[in-house]
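Values quoted throughout were computed directly from the atomic coordinates according to the rules given, and no laboratory measurement underlies them. Only a predicted model underlies this, so the values are computations on that prediction, with no experimental measurement involved. Cβ coordinates were reconstructed from backbone atoms using ideal geometry, including for glycine residues, and neighbour counts include every protein chain displayed.
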Amino acid sequence: MKEKEETFLLLFFLYCRFSSSIQMNNMTKIFPYKFRKGQKEIVESVSNALGAGEHLVFESGTGTGKTVCALAPSIEFALASGKKILYLVRTNAQEQQVVLEARKIMEKLGKSPVPPAGAASPGETALCLAIQGRRNLCSLAKEDSELLHGSPEELSLFCSQRKRRTQDALDIGKQAPEKGCRHYARLYEQDMREAAEFARRHLPTAEEFAIWCAKKGTCAYEATKLLLPQALVVVAPYIYFFEPHLRAILLERMGTGIEDLVVIADEAHNLPDYCREIVSGELTENVLSLAEAEAREIGDPEVKEGVPASAFCQRCASALRQLCEDWIFEGNEDGVVPPGDFEAMLMSGMRCTSNDLKKICSALIAIGEAVRERRKAHGKLPRSYLRHIGLFIIEWTNAEPSQWAHLISKEAKKRKMEVYCLDPSVAAKPLLECRSSIHMSGTLAPLEEYR
């Protein structure tokens, strides 16, 4: 075990896209420390993979300098080639570590030769920019506890409405309205050059930039978005790449196509499970109860002739309880539902066909969209539990058993249904569209998860 930890074995190359010979002499000139044992091999391998447009997976123990060993050659490659780097992390602490290493590299860059003619200049860009979600950076979220529990989609819609109201008011010379956003108004009125200079000179962590923006009275999240085109390295949580909508927005903001992107995935042993979970869906007993209350609050509209939305929610809850009785065996907390069993229960209870069930789901989604619009108009988080039910049932019925598992669970008497993705490549495929990707961790076993 000790020998394994000390040699920092490079485990294997994954999905090589170009048939070019690997030259092991591409040593980075901007590595900010004296090399320790094993680090040269990692840096060389990363450098060669980037030059050849390959995807590299390597394992190296905790404390061996994986972050800087991947970051330094990636920055050197990006400066010379004009590519952008997206460094993906699982936690905010990991994000901070990347920024700290980038600062060391920036110090070394000041003593290094100028990049080749035509290449990006480190003096014209922010070497590294960290971004987090609205929950962490949005000033309004810190003032309203409801926003802290919003999904990325809900928060995006909420924010868009607030920004639109604010900008409309400012365009005609008025102050931000009550249901607008004063932090965005302040940003809208300010020159971004000061923020850009602060980011370029200091390479702040997301938390440090949020504090700086708070002192200026501006929105850290929106300010970070405006600075993204100037960043050579963007450090972000996994979701910014693996959630399709967020990925498209991020790449547009960065000003790059996916084919010109280098992705570095830290703690990559988490990726298989993460990729499964991000495309999986669930429906809980609590959501069904909240949906029933939502239906009654808006007058309990019908989703089928003679069937109010609240009655359908009750039927779903009854079916969930029955599935738990049928398929969670003694001593277990979860079980597998045979394909079609849940749908059959709903159709039997509602006396409807499969086509009727699809129409019911469409009705729930339409009702839910109206609820969201109404809540958005009142300056509230645009959430609808009825819409969630409609979308989930469609996802459940369309899931192919070869790639998805239909699961139920009962933990602490809380029942839940889940459409669980069995194949992480469903979410991970975009990695193959990148220029290169570097995957690293201290524990990558079992390696079969990466094939």
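Taking every pair of Cα atoms in the chain, average 1/r, invert it to obtain the Kirkwood radius, and report Rg/Rh to two decimals.
Looking at the chain, the ratio lands at 1.02.
Report ³J(HN,Hα) in whole Hz for each residue of region 209-216, in order, from the Karplus equation J = 6.51 cos²θ - 1.76 cosθ + 1.60 where θ = phi - 60°; Gly and Pro get x.
5, 4, 5, 4, 5, 4, 5, 8
In whole Hz, what ³J(HN,Hα) sequence does region 45-53 give by Karplus (6.51, -1.76, 1.60; θ = phi - 60°), x for Gly and Pro?
These are the phi-based 3J(HN,Hα) values: 5, 5, 4, 5, 5, 5, x, 8, x Hz.
Sorted by mean Cβ packing within 10 Å, highest first, what order do the peptides 85-96, 231-242, 144-155 take?
231-242, 85-96, 144-155
So for the pair His149, Ala214, with labels modelled 7 Å out along Cα→Cβ, what separation do we get in nm?
Here the modelled spin labels are 2.3 nm apart.
For region 223-230, just list the computed ³J(HN,Hα) in residue order, Karplus coefficients 6.51, -1.76 and 1.60, θ = phi - 60°, integers in Hz, with x standing in for Gly and Pro.
Once rounded to whole Hz, the list reads 5, 4, 4, 5, 8, 4, x, 8.
Among 46-54, 273-281, how do they line up from the highest to the lowest mean number of other beta-carbon atoms within 10 Å?
Put in order of decreasing packing, that is 46-54, 273-281.
Specify which residue in the list Ile278, Ile408, Ser160 is farthest towards the positive end of the charge dipole of the chain, using unit charges on the beta carbon of Lys, Arg (+1) and Asp, Glu (-1), about the Cα centre.
Checking the options against the dipole of the chain, the answer is Ser160.
Once amide H atoms are placed 1.01 Å from N in the peptide plane, what residues at a sequence separation of 5 or more from Leu129, or on another chain, have their amide H within under 5 Å of its amide H?
Val233, Val234, Val235
I'm a student and want to see the number: the projected area of the Cα convex hull of region 281-421, averaged over all directions, in nm².
The directionally averaged projection comes out at 8.7 nm².
Residues of region 331-361 with the amide nitrogen closer than 19 Å to a label point 7 Å from the Cα of Lys413, along Cα-to-Cβ, please.
331-334
How do the peptides 73-82, 406-415, 365-374 rank, highest first, by the average count of neighbouring beta carbon atoms within 10 Å per residue?
For the peptides 73-82, 406-415, 365-374, the packing ranking is 73-82, 365-374, 406-415.
Can you give the extra length, in nm with one decimal, that the chain gains between Ser425 and Glu297 once fully stretched, where that is 0.36 nm per residue apart less the Cα-Cα distance?
42.0 nm
Could you pull out the pairs from Lys40/Lys108; Lys359/Lys414; Lys84/Lys215 whose alpha carbons sit more than 20 Å apart here?
Table pairs above 20 Å Cα-Cα are Lys359/Lys414; Lys84/Lys215.
So how much slack lies between Leu432 and Leu100, counting 0.36 nm per residue of separation and subtracting their Cα-Cα distance, in nm?
Between Leu432 and Leu100, full extension yields an extra 116.6 nm.
Provide the FRET efficiency to the nearest 0.05 for the Lys29-Asp273 pair, computing r from the beta carbons and using R0 = 41 Å.
0.65
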